[in-house]
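Report on one structure; see the data block that follows.
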Amino acid sequence: MQTLTKHYIDGTFVESHGSEVMDIIKPTNRQVIARVTMANEQDTKRAIAAAKSAFITFGRSTKEERTQILRRLHQAASARVDKLTAAMVEEYGGVVQFAGIIVQTGVSAFLAAEQALQELPLTRNWGKTTVTLEPVGVAGLITAWNANTLFICLKLDAAFAAGCTFVIKPSELSSLQTQVLVEALHEANLPKGLLNVVTGRGNVVGAELVRNPDVDKISFTGSVGVGKSIMRDGAETMKRMTLELGGKSPTIVLDDAVLGQAIPSALVMAFMNSGQACAAGTRLLVPKSRLDAVRGAILDAMPAFPAGDPADPKTAVGPMVSQSQYGNMASTRLSLAPTLGAHVVSHLRYGQVAL
């Protein structure tokens, strides 16, 4: 079992000042695999101060200097792809095929940001007017738990490309994954203070990032409810906001759909990332006249989506990340019929992979 007591601040791993310790529970068997010391306000303020100090220099960095950093970050993260994938499977319960795609996409984002930065003119002229794109300052980056490496990499590479320094508040449910990623990024030998990572509760670390006047920008991925509170509280210090909020759209089956093609495709979307994805189509709207046929098509297609050990390449659906998440999913029923909804939910169990 691992014990994580440090945060990454000002270019080094430092002991947390927090007192709350949280257990990391492996979703497949409900065993405690790590204990994490949560950051408090003091840790968060220290990280913000480090980012603010580093911005004095990095805010004036050139495009070439930023592209070199992005390239080094890509090289450092690429060396840990296998470990990052394994951590996502163990800690989150993500099926290995999907976890590999998520991790590789996140790592590749550094190169995409580098290319975009090279192609983007930072100064434009219109007649007598000159517009220069400048970094906004210190950014607070708040990420979700269902694609940890991807979310962190996407947010930090955009911040680096823009010339910002930042503090990342990853989900506490992704502490092991975050540790592997930060250890990898540390190998890129960045200037101190550019990258800071503090793991803690949203109502502690996240709240400090939102209300602290030295944070100029918030980028948040999460629920609509939390997004509303961030927008409200951040307005006090006139922060710029980017809010990627949760919400799932349904898959709609029309009257003329070929069910043998439409339903398997709909299930692929429904079970994406074991259904724990904002893009997962976990609702299905069908014509009433075709309801019985759709029920049959779903039951026929279900064997192609086996639930089981997420480390098994044949597994399509793994366990839920936590007991509370399983409770949320289990309380949801497909509108087709209660019995069919229960059948589908049985594939999404927490702490049980032998179904």
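No lab work stands behind these numbers, since they all come straight from the coordinates. Computed from a predicted model, the values in this text were never measured in an experiment. Here the Cβ is made from the backbone with ideal geometry for all residues, glycine too, and neighbour counts use every protein chain on show.
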**OP:** Quick one: of Lys63/Lys169; Lys83/Lys248; Lys155/Lys239; Lys83/Lys217; Lys26/Lys83, which pairs are farther than 21 Å apart, Cα to Cα?
**Re:** Lys63/Lys169; Lys83/Lys248; Lys83/Lys217
Original post:
Taking Cα centroids, how far is the range 78-109 from the range 1-72 in Å?
Top reply: 19
**OP:** For the range 1-102, list log₁₀ I(q)/I(0) at each q in 0.18 Å⁻¹, using the Debye formula over Cα point scatterers of equal strength and ignoring solvent, two decimals each.
**Re:** -1.09
Original post:
Remind me, what semi-axes does the chain give for its equivalent ellipsoid, largest first in whole Å, using sqrt of 5 times each Cα gyration tensor eigenvalue?
Top reply: 38, 24, 19
Original post:
For the peptides 279-287, 156-164, what is the packing order when you average, over each peptide's residues, the other Cβ atoms within 10 Å and list the highest mean first?
Top reply: 156-164, 279-287
Subject >> Rg and Dmax of the range 62-109, Cα atoms only, in Å >> reply: 12.9, 41
Original post:
Alpha carbon centre of the range 128-144 versus the range 181-247: separation in Å?
Top reply: 14
Subject >> At q = 0.14 Å⁻¹, base-10 log of I(q)/I(0) for the range 45-87 (Debye sum, equal scatterers on each alpha carbon) >> reply: -0.53
**OP:** Would you list the membrane-span-like helices of the chain, meaning whole DSSP H runs whose alpha-carbon atoms span at least 20 Å along their axis and whose mean Kyte-Doolittle value is at least -0.5?
**Re:** 41-58, 96-119, 148-162
